[in-house]
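This report refers to the structure that appears directly beneath it.
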Amino acid sequence: MALDRKNVPNDLSAFWMPFTANRQFKKAPRLLVSADRMTYKTADGREILDGTAGLWCCNAGHNRPKIVEAIRAQAGELDYAPAFQMGHPKAFEMASALRDMAPEGMEHVFFTNSGSESVETALKIALAYHRARGEGQRTRLIGREKGYHGVNFGGISVGGIVTNRKFFGTLLAGVDHLPHTHLPEQNAFTRGQPEHGAYLADDLERIVQLHGPDTIAAVIVEPMSGSAGVILPPKGYLEKLREICTRHGILLIFDEVITGFGRLGASFAVEHFGVMPDMMTTAKGLTNGVIPMGAVLTTSAIHDAFMQGPEHMIELFHGYTYSGNPIACAAGLATLETYREEGLFERAADLAPYWEAALHSLRDVKNVIDIRNMGLIGAVELAPLPGEPTKRAFQAFLDCFEKGILIRTTGDTIAMSPPLIIEKTDIDRLIGTLRDVLEKLD
């Protein structure tokens with residue numbers, strides 16, 4: 001099909017693309033020019049079924065009327081208002097709506113503009129919280145191997161993805177890492193939470209004793225690791241982390257940037273797993289990916305520790321120019337309404353068994369060495385080509401795009417997280433096309 005020239009830029013050189021093989025892309029660009037509900041349209045007029053909800057973020061699908069109209073109306077009424085010593089109504093409405101959706105006990109909301117900023121904010125709040133309580137010696141932060149917490153310095157310091165860390169120097173000092181929970185020898189092809197591996201949480205006790213419990217400020221983990229390739233918490237693992245943190249006065253932070261807003265069939269992973277942290281980081285599905293926005297949710301105990309001293313003094317010296325941006329708040333409110341009105345979280349829970357069965361039907365395909373799933377997230381791990389890690393999965397990504405479906409790869413794992421509006425026929429097409437592609441790969 002011929003290219004729609006009005007949608008094809010003449011010069012691709014200026015844009016240094018993030019997390020992209022730039023030279024390969026610019027030789028054969030994959031340009032998306034429009035989207036509606038479950039599909040993208042390319043510059044050459046082809047429809048692409050979105051198997052990744054954009055980038056884990058378009059949970060309600062694309063071009064949703066309530067969200068589009070809310071943005072349009074807000075831009076014409078109030079385009080920007082400062083959040084430092086000033087306010088606008090929708091920021092307070094959005095915070096209240098998010099609090100009401102969150103698990104009981106999460107009472108306060110600090111707005112950011114991305115998941116990376118949410119992580120930086122949560123880490124800074126943790127450090128400042130202990131200082132406000134007279135325990136300023138608690139400065140150590142604990143992350144996890146294979147963890148992904150965005151790409152700012154705090155996030156990659158507590159994160160555990162090697163390629164995201166190794167180019168950028170020594171990073172933050174005073175950071176330690178728990179072992180990851182990926183145990184393919186014991187848990188391969190598990191449906192949902194694996195049985196083996198809860199003992200890995202006990203390593204936190206070792207780290208606590210190594211450094212001293214009164215030196216550790218916070219532990220941050222994804223309840224379910226997404227960007228590392230959909231790595232699930234073993235049964236009992238999160239509960240153990242919570243118990244150890246509580247015993248030693250350490251804050252537990254759940255990074256819910258991917259798992260929040262229905263992805264696991266509940267508002268948040270906190271509800272799905274029944275484990276309560278002290279803080280939650282969010283972004284992505286908060287505005288359906290339409291406008292950059294993130295948020296950190298905290299308990300009253302954390303918030304109230306700062307509300308001391310003279311009332312005219314700033315309590316937390318932190319924030320962003322665009323915290324609680326009016327247009328982002330309008331998009332967020334419309335997004336939360338769309339989720340609620342269409343029952344999308346419940347829909348995800350209902351579809352999860354069908355999704356699981358479809359994914360695991362690929363178990364017999366050559367080069368498939370593991371399949372992992374929870375809610376409407378799934379991963380198909382491939383054996384790497386000898387001496388060429390990531391190449392086999394990347395070729396699958398390219399072939400899938402040519403055949404009309406969008407998947408994502410991380411290492412040699414194919415990850416999928418479709419919009420929550422997906423139909424069973426879409427699941428059949430997505431998995432059927434992926435099967436065809438994998439069966440033809442070397």
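The values are calculated or read from the model by the stated rules, or taken from the named source; none is laboratory data. Everything numeric in this text was worked out from a predicted model, so none of it was measured. In this analysis, Cβ positions are derived from the backbone assuming ideal geometry, glycine residues included, and neighbour counts consider all displayed protein chains. The area values use the complete protein model at the heavy-atom level, side chains included, leaving out ligands, DNA and RNA. Shrake-Rupley method; radii C 1.70, N 1.55, O 1.52, S 1.80 Å.
Any chance you could count how many residues in the range 98-125 are over 17 Å from Ala269 (Cα atoms) and basic (Lys, Arg)?
The qualifying residues number 1.
With respect to Leu183, determine if the residue is open to solvent by less than 40 Å² (accessible area, probe 1.4 Å), within 19 Å of Gly236 (Cα to Cα) and free of Cβ contacts under 8 Å to residues at least 60 places away in the same chain.
yes
Looking at (1) closer than 20 Å to Tyr320 by Cα; (2) without any contact (Cβ under 8 Å) to a residue 24 or more places away in the chain; (3) among the acidic types (Asp, Glu), find the lone condition where Glu93 falls short.
(2)
For the range 373-397, give me each residue that is open to solvent by less than 30 Å² (accessible area, probe 1.4 Å) and either free of Cβ contacts under 8 Å to residues at least 24 places away in the same chain or part of a helix (DSSP H, G or I) (or both).
Arg392, Ala393, Ala396
For the range 169-192, enumerate the residues that are assigned to a strand (DSSP E or B) and hydroxyl-bearing (Ser, Thr, Tyr).
none
Evaluate the following for Asp370: is it within 22 Å of Gly226 (Cβ to Cβ) and charged (D, E, K, R)?
yes
Mind checking which residues of the range 130-140 are under 27 Å from the mean Cα position of the chain (by Cα) and open to solvent by 30 Å² or more (accessible area, probe 1.4 Å)?
Those that are under 27 Å from the mean Cα position of the chain (by Cα) and open to solvent by 30 Å² or more (accessible area, probe 1.4 Å): Thr139, Arg140.
Keeping to the range 86-129, report how many residues are crowded, with 23+ Cβ neighbours inside 10 Å and farther than 28 Å from Ile291 by Cβ.
Number satisfying all stated conditions: 1.
Just to be sure before I move on: is Glu271 open to solvent by 10 Å² or more (accessible area, probe 1.4 Å), modelled with pLDDT of 95 or more and assigned to a helix (DSSP H, G or I) in the structure I sent?
The answer is yes for Glu271.
Return yes or no: is Asp412 buried (at least 22 other Cβ atoms within 10 Å of the Cβ) and acidic (Asp, Glu)?
Yes; evaluated as a whole, the condition is true for this residue.
For the range 193-250, name all the residues that are in a loop (DSSP other than H, G, I, E, B) and surrounded by fewer than 21 Cβ atoms within 10 Å (Cβ to Cβ).
Selection gives Gln193, Glu195, His196, Gly212, Lys235, Gly236, Gly249.
Condition check ((1) aromatic (Phe, Trp, Tyr); (2) free of Cβ contacts under 8 Å to residues at least 60 places away in the same chain; (3) farther than 19 Å from Leu376 by Cα) across all residues:
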| residue | (1), (2), (3) |
| --- | --- |
| Ala201 | no, yes, yes |
| Ser225 | no, no, no |
| Gly229 | no, no, no |
| Pro233 | no, yes, no |
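Among residues belonging to the range 314-357 that are of a type in the set (Phe, Trp, Tyr) and outside any helix (DSSP H, G or I), point out the one that is surrounded by the fewest Cβ atoms within 10 Å (Cβ to Cβ).
Checking each candidate, the answer is Phe317.
When you look at Asn22, is it more than 29 Å from Leu344 (Cα to Cα), modelled with pLDDT of 95 or more, loosely packed, with under 15 Cβ neighbours inside 10 Å and not charged (D, E, K, R), yes or no?
yes
Quick grid of which residues meet (1) among the hydrophobic types (A, V, I, L, M, F, W, C); (2) part of a strand (DSSP E or B):
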position	(1), (2)
Leu362	yes, no
Ile371	yes, yes
Ile414	yes, yes
Pro418	no, no
Asp426	no, no
Arg435	no, no
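In this structure, is Glu256 among the charged types (D, E, K, R), crowded, with 21+ Cβ neighbours inside 10 Å, closer than 24 Å to Glu346 by Cα and within 18 Å of the chain's Cα centre (by Cα)?
It is true that Glu256 is among the charged types (D, E, K, R), crowded, with 21+ Cβ neighbours inside 10 Å, closer than 24 Å to Glu346 by Cα and within 18 Å of the chain's Cα centre (by Cα).
Which residue is farthest from Met101 (Cα to Cα), if the candidates are limited to the range 291-313 and must be open to solvent by 80 Å² or more (accessible area, probe 1.4 Å) and aliphatic (A, V, I, L, M)?
Filtering first and then ranking leaves Met313.
Can you find a residue in the range 358-370 that is more than 20 Å from Asp50 (Cα to Cα), touching a residue at least 40 places away in the same chain (Cβ under 8 Å), among the charged types (D, E, K, R) and open to solvent by 50 Å² or more (accessible area, probe 1.4 Å)?
Yes, the range 358-370 contains at least one residue that is more than 20 Å from Asp50 (Cα to Cα), touching a residue at least 40 places away in the same chain (Cβ under 8 Å), among the charged types (D, E, K, R) and open to solvent by 50 Å² or more (accessible area, probe 1.4 Å).
Report yes if some residue within the range 29-49 is under 25 Å from Lys90 (Cα atoms) and open to solvent by 50 Å² or more (accessible area, probe 1.4 Å); otherwise report no.
So far as the range 29-49 goes, no, none of its residues is under 25 Å from Lys90 (Cα atoms) and open to solvent by 50 Å² or more (accessible area, probe 1.4 Å).
When you scan the range 111-168 for helices (runs of 4 or more DSSP H) that lie fully inside it, which ones turn up with 3 or more residues that are β-branched (Val, Ile, Thr) and at pLDDT 95 or above?
The helices (runs of 4 or more DSSP H) meeting that bar are 115-132.
Does Val275 qualify as being closer than 21 Å to Ile231 by Cα and either hydrophobic (A, V, I, L, M, F, W, C) or touching a Lys or Arg at 6+ places or on another chain (Cβ under 8 Å) (or both)?
Considered against the rule, which asks whether it is closer than 21 Å to Ile231 by Cα and either hydrophobic (A, V, I, L, M, F, W, C) or touching a Lys or Arg at 6+ places or on another chain (Cβ under 8 Å) (or both), Val275 comes out as yes.
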